[in-house]
Amino acid sequence: MEKFRKEFPVLRKGIYANTAVYGLLYESLLDWRQEHDLDFLIHGSDMRVKALKVISDTRQTVGEFFNCKRENVALVNNFSTGLNVLLEGLHSKQKILLIENDYPSLNWGFENRDFDIHYLKMTSNLEDRIQEIIEKEQIDVLALSLVQWLDGFSIDLEFLKQLKNTFPDILIIADGTQFCGSVQFDFDNSGIDVVGASAYKWLLSGYGNGFMLFSERVKEETSINNIGFNAANGDLDKKNTIRFAKLFEPGHLSSLTFGSLKFSLDYFTKIGIDKITEQNQKLSEKAKSEFQALGLLDEKFKERESHSTIFNIKADDTIFQHLLANDVYCAQRGQGVRLSFHFYNTESEIDSIVKILKTSR
């Protein structure tokens, strides 16, 4: 991974442990974006055909990268927008299961509508509790983040797959913003019905682009009224034959922003998503071991076999300022400090953070 680190200038300024806030821009993507806008500057409307192809190619690339049928991929500016369109199409009065303190844009979308909502507190045996309440309350929709934004709690993907087998009628909706791009993911074999994500974090694609992935079943469970000329590909005769995923794309999409998403997915493929997964697993195991040894992690994580690369350590504002003063990029979240690592980080950087934390005591 060392050769790829050279593409990220910020890494030369300090330890970047803040991908959960914003994924880094890298030099080859910047070069592509500048070339894109130069083409627009020089060619004007003659670039339209090329721009439309960029959008089409992005949809294809997203489908291939996450193993989702191309026709079931929607390109959206961000997760929140895509989710709100989806929820307008869900039947009212359904029983929804949410996780307390999950990402606000996920929970608020349900809470702002007329659903029968049930909540679960975050516990070490969350998966067991989910299954219990689904059985007891006859839940219709389970909605949760695959990785929790506050502390990096990672849901067991195999559990979700088994849950779908046990309760085939339940609709599983997942926010993948803090997940997609951090490890390899096979959507069509996940048991999940909807995965939405903004791509400016772990997919390193900048603001303004994201996607929604849909199972075949979700089309039967929702009735989407969203529409626009772009959804019909600018064809007046196709108003009544728009496919489900295109209803999430009513207006024109930016070839710069979505081309950036395609570029980053191709970049990840060049590195090898398997290698990225392996590196992030090493970082996760290293950080969890070190932070637990210092007594900085919540007790519930001791019983968890796996974790993401996001950690919320017990630290006050003094420690936060100490980290910043030592050139560690991080963020205050909840009652602690959140540190998040990606493939461009190293295990030695985690060692450095541990040393900095020890000197703050």
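The values are calculated or read from the model by the stated rules, or taken from the named source; none is laboratory data. Treat the numbers as computed from the prediction; the structure is a model and nothing was measured. Cβ: placed from backbone, ideal geometry, glycine included. Neighbour counts: every protein chain shown. The area values use the complete protein model at the heavy-atom level, side chains included, leaving out ligands, DNA and RNA. Shrake-Rupley method; radii C 1.70, N 1.55, O 1.52, S 1.80 Å.
Computed quantities for the displayed model
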{"quantity": "Answer from R70, R5 - the residue that is open to solvent by 70 Å² or more (accessible area, probe 1.4 Å), in contact with a helix residue (DSSP H, G or I) (Cβ under 6 Å, 6 or more places away or on another chain) and under 28 Å from V147 (Cα atoms)", "calculated": "R70"}
{"quantity": "Top-ranked residue of the stretch 163-201 - restricted to ones that are assigned to a loop (DSSP other than H, G, I, E, B) and among the aromatic types (F, W, Y), ranked as farthest from P104 (Cα to Cα)", "calculated": "F167"}
{"quantity": "Selection count, the stretch 56-67, where residues are surrounded by fewer than 20 Cβ atoms within 10 Å (Cβ to Cβ) and either touching a Cys at 6+ places or on another chain (Cβ under 8 Å) or under 14 Å from N209 (Cβ atoms) (or both)", "calculated": "1"}
{"quantity": "Subset of the stretch 82-91 (residues that are open to solvent by 10 Å² or more (accessible area, probe 1.4 Å) and either over 16 Å from S145 (Cα atoms) or at pLDDT below 95 (or both))", "calculated": "V85, E88, L90, H91"}
{"quantity": "Among (1) of a type in the set (S, T, N, Q); (2) closer than 17 Å to T123 by Cα; (3) part of a loop (DSSP other than H, G, I, E, B) - the single one N345 does not satisfy", "calculated": "(2)"}
{"quantity": "First in the stretch 201-217 and under 13 Å from T81 (Cα atoms), second anywhere and among the small types (G, A, S) and in a strand (DSSP E or B), Cβ under 6 Å, 6 or more apart", "calculated": "G210/A197; G210/S198; M212/A74; M212/G196"}
{"quantity": "Test result for E27, in contact with a Pro (Cβ under 8 Å, 6 or more places away or on another chain), open to solvent by 40 Å² or more (accessible area, probe 1.4 Å) and either at pLDDT 95 or above or more than 17 Å from L204 (Cα to Cα) (or both)", "calculated": "yes"}
{"quantity": "Unique match (being within 22 Å of N77 (Cα to Cα) and either over 9 Å from the mean Cα position of the chain (by Cα) or not hydrophobic (A, V, I, L, M, F, W, C) (or both)) among D175, D169, D188", "calculated": "D175"}
{"quantity": "When residues of the stretch 38-55 are limited to those that are of a type outside the set (K, R) and surrounded by 13 or more Cβ atoms within 10 Å (Cβ to Cβ), the one nearest to V76 (Cα to Cα)", "calculated": "I55"}
{"quantity": "Candidate set: the stretch 232-252, residues that are open to solvent by less than 40 Å² (accessible area, probe 1.4 Å) and closer than 12 Å to V76 by Cα; chosen: the one farthest from the chain's Cα centre (by Cα)", "calculated": "G251"}
{"quantity": "Residue under evaluation I319, criteria (1) surrounded by 14 or more Cβ atoms within 10 Å (Cβ to Cβ); (2) without any contact (Cβ under 8 Å) to a residue 24 or more places away in the chain, criterion not met", "calculated": "(2)"}
{"quantity": "Elements of type helices (runs of 4 or more DSSP H) in the stretch 203-305, at least 3 residues being at pLDDT 95 or above", "calculated": "255-271, 273-293"}
